[in-house]
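> Just passing along the structure, written as structure tokens.
The values are calculated or read from the model by the stated rules, or taken from the named source; none is laboratory data. Predicted model, so just to flag it, every value in this text is computed and none were measured. FYI the Cβ positions are ideal-geometry reconstructions off the backbone, even for glycines, and counts take in every protein chain you see. When the accessible area is computed, the model is the full protein with side chains, heavy atoms only, and any ligands, DNA or RNA have been set aside. Shrake-Rupley method; radii C 1.70, N 1.55, O 1.52, S 1.80 Å.
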Amino acid sequence: MPKQLLIIRHAKAEEADFKKPDFKRALSHRGEKNAQEMAKRLKTKNLHPQILYSSPALRAISTARYFAHELGIAQSEIIQDPEIYDALTDTLLDCTNNLDDQADFVALFGHNPSITDLVNKFCGADIDNIPTCGIALILFPFDSWKMLSGRTGELILYDYPKNEH
């Protein structure tokens, strides 16, 4: 069965504060609203990932929790992988190559610039910057995540909150 990977950049975070580690930056009010909005759009399109796979950074896992809530997925089912935080594009590729083949539809929540770079790598797109809480759904004609590599996917959905450009 073909694999679908939904790549999601975390929603808008509060401004960086030198007193607080980057890892612990929370979502801003706008980020919370955008995460709810984008999760509802997915639900409206009847797109329900089997697995939510996220960076454990507060802004990413918080975004994943909004999606889980809207899609009826238990918070405890979100897989947190420290490798996703501050990952290079090739690290994210390795993460996707190691996903469980029993799942055919996975959502990956992460950070820029590697999220944008991964989308471009997978489908040869020319996206400059996926805005915060932007989503990209890529279809791969494989039955194993290990087969994913550069230019093997087809971008079938690209969307983002309208107040993000």
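> Please go through the residue pairs Lys19/Lys121; Lys20/Lys146; Lys24/Lys45; Lys45/Lys162 and name each one whose alpha carbons sit more than 28 Å apart in this structure.
Distance filter (> 28 Å) returns Lys19/Lys121; Lys20/Lys146; Lys24/Lys45.
> Then there is this: Keeping every protein chain present and rolling a 1.4 Å probe, give me the accessible area per residue for the chain in Å².
Value for the chain: 49 Å² per residue.
> With unit charges on the beta carbon (Lys/Arg positive, Asp/Glu negative), name the residue among Phe142, Thr91, Phe67 whose Cα is farthest towards the positive pole of the charge dipole of the chain.
The residue sitting farthest along the positive end of the dipole is Phe67.
> In straight Cα distance, which lysines are under 16 Å from Lys43, not counting same-chain residues fewer than 8 positions off?
By straight Cα distance, Lys43 reaches Lys33.
> Shape call for region 1-108 from the C-alpha gyration tensor, a ≥ b ≥ c root eigenvalues: rounded (a/c under 1.5), prolate (a/b greater than b/c) or oblate?
The shape class here is oblate.
> In addition: Once a ≥ b ≥ c are taken as the square roots of the eigenvalues of the Cα gyration tensor of region 1-48, is the result rounded (a/c under 1.5), prolate (a/b larger than b/c) or oblate (a/b not larger than b/c)?
Here region 1-48 falls in the oblate category.
> Taking loop as defined by DSSP and a crowding limit of 12 other beta carbons within 10 Å, which GluC sites (Glu not before Pro) in region 1-43 fit?
The qualifying sites are Glu15.
> I would also like to ask the following. In square nanometres and to one decimal, what's the mean projected area of the convex hull around the Cα atoms of region 113-165?
Reported value for the Cα convex hull: 3.7 nm².
> Run the accessible area of the chain with a 1.4 Å probe and give the carbon-and-sulfur part as a rounded percent.
Heavy-atom surface of the chain belonging to carbon and sulfur, 1.4 Å probe: 49 percent.
> Roughly how many whole Å is it from the C-alpha centroid of region 50-82 to that of region 133-165?
Rounded to whole Å, the Cα centres lie 18 Å apart.
> Taking the Cα centre of the chain as the origin, how large is its charge dipole in debye, to the nearest 20, when only Lys and Arg (+1) and Asp and Glu (-1) carry charge on their Cβ atoms?
580
> In region 1-70, if the dipole is taken from +1 on Lys/Arg beta carbons and -1 on Asp/Glu beta carbons about the Cα centre, which of Gly31, Leu6, Asn46 is farthest to the positive end?
In region 1-70, that residue is Asn46.
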